[in-house]
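Right, one structure below, let's go through it.
Derivation of every value follows stated rules applied to the coordinates shown; laboratory data play no part. Model, not experiment: these values are computed from the prediction. Note that we place each Cβ from the backbone using ideal geometry, even for glycine, and neighbour counts take in every protein chain shown.
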Ligand SMILES: NC(=O)c1ccc[n+]([C@@H]2O[C@H](COP(=O)([O-])OP(=O)(O)OC[C@H]3O[C@@H](n4cnc5c(N)ncnc54)[C@H](OP(=O)(O)O)[C@@H]3O)[C@@H](O)[C@H]2O)c1
């Protein structure tokens, strides 16, 4: 088969489509013929050599895909050859075929094309497992999403609105904020021209929001704490603004705040399967109801993976970038 190989750590040009061996499936895995894969920020870090795949995972990038099942392991009961599915991967999505544990496979959501289904597994599992499963974000609460126009953000806005949550977003330009508004965001903040803490306070009568989904880390840590309501929860999923900071912790005690962080890729297959089951139950219903739609910025051929990485690193995109073998 053909796969995108990281020929050495470096810039987008190190991504090259090459002829490689087909993956072999274990007894609890299925083989998917890939219809599409989607980019994630983590892929750019893996390409640079700073985010190696977990032990046992494919060395090719790609954390999600959609496609058709081509073979099933002997312990797999739910899936059969010919099923159209999408899947959460530990790697290997940038290829014509990928092997994946059966517990990380989902049916293509009703009403979504086979190709576009590749845009959901990573964002749905990340957002659902963090702010919903761990931070218990609930109907009637307020929710601030940093990077509202990102792949993660465009999904999180729609899912939260479906569940009756008031959504605040930050983004870096007016076009991105307009896209967030179209997806249902209630309060859209341009972090380059406005102080998000002041705006959050103003919009919440001085209280702050109940939950924050943060991809910035250190650079926002103090301001995130300052933006939280009593009982507020900060969930950190990325460190685009660094990992080391100093903070005044008084608010944590006075307002009984919780700070959590988690990554999806390094969880065990069992843990990923639990998340996938919960996502199918809770998120697939929202997609079926037409309340959560794929937000695809661009489709590119798999051979143009380098171009796709350049686009993601420009941060000019809104939503997901898909690669099609
Ligand atoms: N923990 C996990 O399991 C997990 C899983 C998936 C993703 N993530 C993290 O979630 C975040 C979003 O992921 P994604 O794949 O949805 O990414 P994405 O679509 O590329 O979006 C990232 C966004 O971050 C904003 N940004 C903020 N600071 C930036 C900077 N210094 N350079 C470039 N962009 C910056 C950009 O929007 P503005 O122009 O508005 O700033 C950009 O649109 C990433 O940090 C990713 O690592 C974590």
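Data for the structure
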read-out: Residue 261 vs. criteria surrounded by 15 or more Cβ atoms within 10 Å (Cβ to Cβ), touching a residue at least 24 places away in the same chain (Cβ under 8 Å), within 26 Å of residue 89 (Cβ to Cβ) and in contact with a helix residue (DSSP H, G or I) (Cβ under 9 Å, 6 or more places away or on another chain); value: no
read-out: Any hit, segment 43-54, residues being crowded, with 21+ Cβ neighbours inside 10 Å and over 26 Å from residue 6 (Cβ atoms); value: no
read-out: Breaking point among (1) more than 10 Å from the ligand (Cβ to nearest atom); (2) under 12 Å from the mean Cα position of the chain (by Cα), for residue 126; value: (1)
read-out: Matching residues in segment 203-236 - criterion: being in a strand (DSSP E or B) and surrounded by fewer than 18 Cβ atoms within 10 Å (Cβ to Cβ); value: 230, 231
read-out: Matching residues in segment 129-147 - criterion: being within 11 Å of the ligand (Cβ to nearest atom) and either farther than 27 Å from residue 176 by Cβ or under 12 Å from the mean Cα position of the chain (by Cα) (or both); value: 129, 130, 147
read-out: Residue in segment 286-294 that is within 14 Å of the ligand (Cβ to nearest atom) and over 30 Å from residue 225 (Cβ atoms) present; value: yes
read-out: Tally of residues being more than 9 Å from the ligand (Cβ to nearest atom), in contact with a strand residue (DSSP E or B) (Cβ under 7 Å, 6 or more places away or on another chain) and in a helix (DSSP H, G or I) across segment 295-325; value: 8
read-out: Enumeration of residues in segment 87-103 that are crowded, with 22+ Cβ neighbours inside 10 Å and within 20 Å of residue 263 (Cα to Cα); value: 87, 88, 89, 90, 91, 92, 93, 100, 101
read-out: Checking residue 66 against (1) over 22 Å from the mean Cα position of the chain (by Cα); (2) closer than 30 Å to residue 318 by Cβ; (3) surrounded by 20 or more Cβ atoms within 10 Å (Cβ to Cβ), the condition it does not meet; value: (1)
